[in-house]
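Every read-out reported here was derived from the displayed coordinates using simple, explicitly stated rules and does not represent laboratory data. All of these numbers come straight from a predicted model, not from anything done at the bench. Reconstructed Cβ throughout: ideal geometry from the backbone, glycine too, with neighbour counts over all protein chains shown.
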Amino acid sequence: MFLKKSNFFSKISVKILLWYSAIFISNAIFLFLLAYFIVSATLRDKETTSISLEMEKILLDIQKYGLSNIDKHISHKEKEDFVIEILFKNKPLYVSENFKKLELGNKIIENIKSKKKFFTINLDDKTFKFQIYQATSYTIVVGKNVASTEELLEKFREIFFGMILFTMLLGIIGGLIALRKILLPIKSITQTAQYIINTGKLNERIKVENTQDELYDLSVIINKMLDKIEVLVKSLKETIDNVAHDLRTPLTRIKITSELALSEQSKLNPKDALLSCLDESDKILTLLNAIVDISQIETGSLKLNIERIQLKKLIDDVIDLYDYVIEEHNINLSVKCNENIYIYGDFNRLRQALSNLMDNAIKYNKPNGKISIKALEINDKICLFIRDTGIGIDAKDLPYIFERLYRADKSRSKQGLGLGLSLVKAIIKAHEAKIKVKSKLTCGTIFCIIFHH
Ligand SMILES: Nc1ncnc2c1ncn2[C@@H]1O[C@H](COP(=O)(O)OP(=O)(O)OP(=O)(O)O)[C@@H](O)[C@H]1O
Ligand SMILES: [Mg+2]
């Protein structure tokens with residue numbers, strides 16, 4: 001599952017290794033071949049020049065002393081490496097001693113006939129390079145033993161071949177390291193996926209080496225995706241658990257009431273039993289509707305009807321809804337909102353969000369408490385504050401109040417599903433606005449919605 005501990009090679013990016021392998025091998029092979037061809041061409045050229053020089057000397061001797069006297073006057077002093085033959089009408093006129101030892105038979109005549117200027121003949125441990133000069137009546141054949149040059153070139157070939165092999169080996173090692181670096185993260189990805197499939201545990205992650213290459217990016221992004229999936233699955237599980245828990249109470253009540261109403265000894269009025277069942281099924285419907293609403297808004301499947309809204313009108317609309325309850329709780333309500341403050345949004349959805357905040361401000365307020373609603377335009381933002389003087393929210397509960405079905409212990413005495421603020425948050429988020437909260441236990445709570453122009 002885990003990648004090996006960081007080492008020198010693992011820090012080199014895969015891309016660099018592959019480039020290194022490809023460029024290094026091709027460049028090195030090209031340079032070695034080039035060097036070999038330059039060296040071999042230079043050495044062979046040197047041999048050809050020395051044969052041509054020898055040939056020129058013989059031609060000068062022929063000019064000076066005449067062809068018939070050449071065997072007596074030839075300046076060639078039986079140089080060890082050179083062999084010379086002068087033919088008159090294809091019959092030997094002069095043959096140097098070391099030429100005779102070679103026993104070349106018809107090989108020279110064959111090459112003279114083929115009209116080649118230069119040719120090479122290999123004998124046991126010697127290699128002779130010949131030059132032929134053909135005049136109308138005579139032919140000069142000069143040969144040189146080039147075995148030492150060929151041996152040298154043979155050595156060069158061996159060295160260069162060895163170097164090419166060594167370079168290819170280095171390239172292959174580089175390639176293999178790169179391949180290993182590619183395969184290790186892929187193996188780790190596969191093993192992590194297999195582990196999650198086998199165990200169903202989403203907490204496993206790909207162990208990544210910081211190589212800053214594409215595979216590192218892929219591993220990091222998969223880990224991030226797994227983080228997200230883990231959070232989503234956890235919240236889904238919690239929601240299902242909470243919904244099941246919250247459905248159990250009204251459903252049990254419906255069951256008990258129905259059983260009671262159906263039993264023969266029951267004194268329960270069937271109409272009262274039905275009314276109680278209706279009440280409980282209303283609670284279930286409200287819970288399910290709210291959950292569906294939140295999901296639809298969060299996933300964006302519920303389209304918003306965006307329009308220009310006068311904020312004062314929106315606030316008045318919400319207050320109208322709660323007029324009676326505010327009066328009943330003897331709450332002192334103050335509203336400060338300039339009539340020329342406008343926002344863009346879905347009127348019904350925003351009214352739903354404000355109603356939930358208002359509902360909380362009333363529900364969790366103290367007797368004869370206060371609620372103040374204030375709208376302020378600050379730079380390019382519009383801030384709407386809803387403040388109450390209620391029981392407040394404990395600091396430990398504050399991070400969770402926007403989660404579905406979360407209710408602080410202190411508020412359990414009041415009726416509620418714990419879905420109001422989740423809905424508010426979803427609506428506010430869909431409007432690309434923000435909601436913030438500040439609260440002090442026993443002193444009150446202040447919610448602030450920030451709209452952008
Ligand atoms: N103004 C407030 N004063 C004190 N506590 C609050 C206030 N608003 C929210 N809370 C706390 O946050 C929790 C979540 O609020 P939310 O509106 O989501 O649920 P609820 O009011 O309990 O139920 P519902 O709104 O679904 O009827 C509440 O249970 C309460 O503990
Ligand atoms: Mg509420």
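Convert 4 °C to kelvin, take the viscosity as 1.567 mPa s, use the Kirkwood radius over C-alpha pairs of region 340-414 as Rh, and evaluate the Stokes-Einstein diffusion coefficient in µm²/s, rounded to a whole number.
90
Report the rotationally averaged projected area of region 65-127 based on its alpha-carbon convex hull, in square nanometres.
Values: hull surface 19.7 nm².
Average projection, Cα convex hull of region 65-127: 4.9 nm².
Counted by neighbouring Cβ atoms within 10 Å, the residues Phe118, Phe385 run from fewest to most as Phe118, Phe385.
Placing +1 on the Cβ of every Lys and Arg and -1 on the Cβ of every Asp and Glu, with nothing else charged, gives region 214-298 a dipole about its Cα centre of roughly 340 debye.
Across region 391-453, C-alpha contacts under 8 Å between residues 6 or more apart give a mean separation that, scaled by the residue count, equals a relative contact order of 38 percent.
Straight-line cross-link reach from Lys363 at under 20 Å between alpha-carbon atoms covers these lysines, not counting any fewer than eight positions away in the same chain: Lys283, Lys374, Lys410, Lys414, Lys425, Lys436, Lys438, Lys440. Kirkwood radius for the chain, taken over all pairs of different Cα atoms as the inverse mean of 1/r, rounds to 32.8 Å.
Computed over region 18-136, the P(r) curve from all C-alpha pair distances, binned at 5 Å from the origin, holds 2, 9, 16, 19, 17, 10, 6, 5, 5, 4, 3, 2, 1, 1, 0 percent per bin.
Put simply, the amide H of Ile341, placed in the peptide plane, has neighbours under 5 Å in Leu311, Lys312, leaving out anything fewer than 5 places away on its chain. At q = 0.08, 0.14, 0.19 Å⁻¹, what base-10 log of I(q)/I(0) does the Debye formula yield for region 1-199 when every alpha carbon is treated as an equal point scatterer in vacuo? Summing over Cα pairs of region 1-199 leads to -0.51, -0.87, -1.23.
Please report the relative contact order for the chain, taking Cα pairs under 8 Å with a sequence separation of at least 6, and give it as a percent rounded to a whole number. Can you show the working numbers first?
Details: 567 pairs, mean separation 52.3, N = 453.
Across the chain, relative contact order equals 12 percent.
Comparing Ile112, Phe99, Leu123 along the charge dipole axis of region 41-138, the residue lying farthest to the positive side is Ile112, per the Cβ-charge model.
Taking neighbour Cβ counts within 10 Å as the exposure measure, how do Asp61, Asp125, Asp241 sort from fewest upward? If you can, show how the numbers build up before the last one.
Details: Asp61 18, Asp125 8, Asp241 11.
If I rank by nearby Cβ atoms, fewest first, I get Asp125, Asp241, Asp61.
Loop-located GluC sites (Glu not before Pro) in region 189-277 (DSSP state other than H, G, I, E, B) with a sparse environment of at most 15 neighbouring Cβ atoms within 10 Å: Glu264.
Under DSSP H, which helices of the chain have Cα atoms covering 18 Å or more of the helix axis and a Kyte-Doolittle average no less than 0.5? Intermediate results must be reported in sequence, preceding the final value.
Values: long enough: 14-65 (76 Å, 0.83); 147-199 (75 Å, 0.85); 214-262 (69 Å, 0.18); 270-299 (43 Å, 0.33); 311-328 (26 Å, 0.11); 347-363 (23 Å, -0.41).
For the chain, where a helix must reach 18 Å along its axis and average at least 0.5, the hits are 14-65, 147-199.
Please get the size of the charge dipole for the chain, origin at its Cα centre, with Cβ charges of +1 on Lys and Arg and -1 on Asp and Glu, quoted in debye to the nearest 20. Intermediate values should be presented prior to the final figure.
Values: 66 positive and 55 negative charges, 145 e Å.
Value, rounded to 20: 700 debye.
Once the C-beta distance of Asp217 and Glu339 is scaled by a Förster radius of 56 Å, the resulting FRET efficiency is 0.60 to the nearest 0.05. Find how many whole Å separate the alpha carbon centroid of region 40-115 from the alpha carbon centroid of region 217-283. So the two Cα centres are separated by 114 Å.
Treat the count of other C-beta atoms within 10 Å as a stand-in for reagent exposure and order Arg387, Arg349 from fewest to most.
Working: Arg387 18, Arg349 21.
Least to most surrounded, the residues fall as Arg387, Arg349.
Using the Cα centre of the chain as origin and beta-carbon charges of +1 (Lys, Arg) and -1 (Asp, Glu), tell me which of Met55, Leu152, Thr192 is placed farthest towards the positive end of the dipole. Of Met55, Leu152, Thr192, it is Met55.
Placing unit charges on each Cβ (+1 for Lys and Arg, -1 for Asp and Glu) gives the chain a dipole about its Cα centre, and among Cys448, Asn242, Phe161 the Cα reaching farthest toward its positive end belongs to Phe161. The spread of Cα positions in region 214-298, taken along each principal axis and listed from longest to shortest, comes to 75, 23, 10 Å.
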